[in-house]
Amino acid sequence: MGFFRTGLLLAVLTGLFMAVGFFIGGQTGMVIAFFIALAMNIFSYWNSDKVVLAMNNAQEVDERSAPEYYDTVRQLAANAQLPMPRVYIVHADQPNAFATGRSPEHAAVAATTGLLDSLSREEVAGVLAHELAHVKNRDTLTMTIAATIGGAISMLANFGMLFGGGNRDNERGGLGMIGSLMMIFLAPLAAAVVQMAISRSREYEADRGGAEISQRPLWLASALRKIDAAAHQIPYDNAERNPATAHMFIINPLSGQGMDNLFSTHPNTENRIAALEEIAREMGQTGSGPRAEPAADAGPWSGRQRGSGGPWG
C-alpha cells in the first residue's frame, strides 16, 4: 500500500476517533481522544499483529506440529523472496485465512482449521500465496492498524451512546444531542467505508501477486469459490464479535446477519475469479480447477508431483 496510503488511513481514522470524542465530550473530549488515538497508533504499529492474532485465538505452529502447512508457507515464502513468516492456526470451522504484521520481517500468516481440512493442498497453497502477497505489498501494517483503530471507534461510539453523547451543546456547535447521536452512529460506518475502499483494490493486487508467487492462478480461483460459499453457511464467531477485523481475511468472514456487513470489505468473488482466470490465460494455463495444466515453464511448482515430498506430497 505504501507509506502514503498508510499515513492517509491513519489520519482519517484518527480524525474519526477525535470527532467521536468531540461529540461525546466537546473540546475536552476531542483533546483526550487525540492523545488516546496517538497512543493507539504507536501501540498499533508495534503490537496490532499480536492483538489481531489474540482476537482470533490463533495458535503458533512449527514444522513439527504442522509439517505440511508449515512447509508450504516456507516454499511459497522462498518463491516470493520473503523472510519466513510466523505460522498460525485458528480453530474455526469456516475456511478462511489472513496475514498480519508491520513488515515482511515481522509477518505472520494464519489459516483456519476449516481451510486446511476442506480445501485441497493446491487450493491451500493458492490462498497462502495470496496472503504472502499482502506481506510483500506491505498491506499488513495498514490492515492491522485499521482493524485496531476501527474497533476502537466502534467501542468509543458505543460508550458515547451509553452516556447519551454528553451535555455540552455549545461546544458542539449547537448540534446538541441529535447531532451527537448521529455522529455516534455514523462514525463506525465511516470507518467501515474507509476500510472498504482500501480493501477492494488491495485484494485484487494480492490476487495477482499470489498468482505470480504460486504460478497457479486457478488454484486460488478454485479456493475463493469454495471459501465464499462456506462463509455464507458456516459462522465465524471471532469475526462476528470483532467485525473490525473482517477486511483482513481473504473472504469476508461475516455472515451478513447484522449491520456490520452492510458495507462489504471485499470485491465481488466472481469478479476476482474472472480476473484470476484471465491471468491464467496470460500464463498459458488451461482448465477451470486447481489441477489445471500449466505452461511448460510455469515455475518452481511445475515439477512437483504427488509422492515427491513436496507440500502436497
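The values are calculated or read from the model by the stated rules, or taken from the named source; none is laboratory data. This structure is a prediction, so every number in the text was calculated from the model and none was measured. Here the Cβ positions follow ideal geometry from the backbone for every residue, glycine too, while neighbour counts run over all protein chains shown.
Summary of values
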read-out: Every residue from region 98-143 that is closer than 15 Å to residue 59 by Cα and surrounded by fewer than 24 Cβ atoms within 10 Å (Cβ to Cβ); value: 108, 113, 114, 116
read-out: Listing of strands (runs of 3 or more DSSP E) fully contained in region 42-133 that carry 1 or more residues being within 25 Å of residue 215 (Cα to Cα) and touching a Lys or Arg at 6+ places or on another chain (Cβ under 7 Å); value: 108-112
read-out: All positions within region 28-59 that are surrounded by fewer than 16 Cβ atoms within 10 Å (Cβ to Cβ) and either farther than 23 Å from residue 244 by Cβ or more than 22 Å from the chain's Cα centre (by Cα) (or both); value: 28, 31, 32, 35, 38, 39
read-out: Among (1) part of a helix (DSSP H, G or I); (2) modelled with pLDDT of 65 or more, the one test that residue 161 misses; value: (2)
read-out: Residue in region 200-216 that is part of a helix (DSSP H, G or I), at pLDDT below 75 and charged (D, E, K, R) present; value: yes
read-out: Filtered residues of region 83-97 (kept if over 20 Å from residue 48 (Cα atoms) and surrounded by fewer than 18 Cβ atoms within 10 Å (Cβ to Cβ)); value: 91, 93
read-out: Scan of region 100-127 for residues that are under 14 Å from the mean Cα position of the chain (by Cα), more than 20 Å from residue 65 (Cα to Cα) and not β-branched (Val, Ile, Thr), ordered by number; value: 101, 102
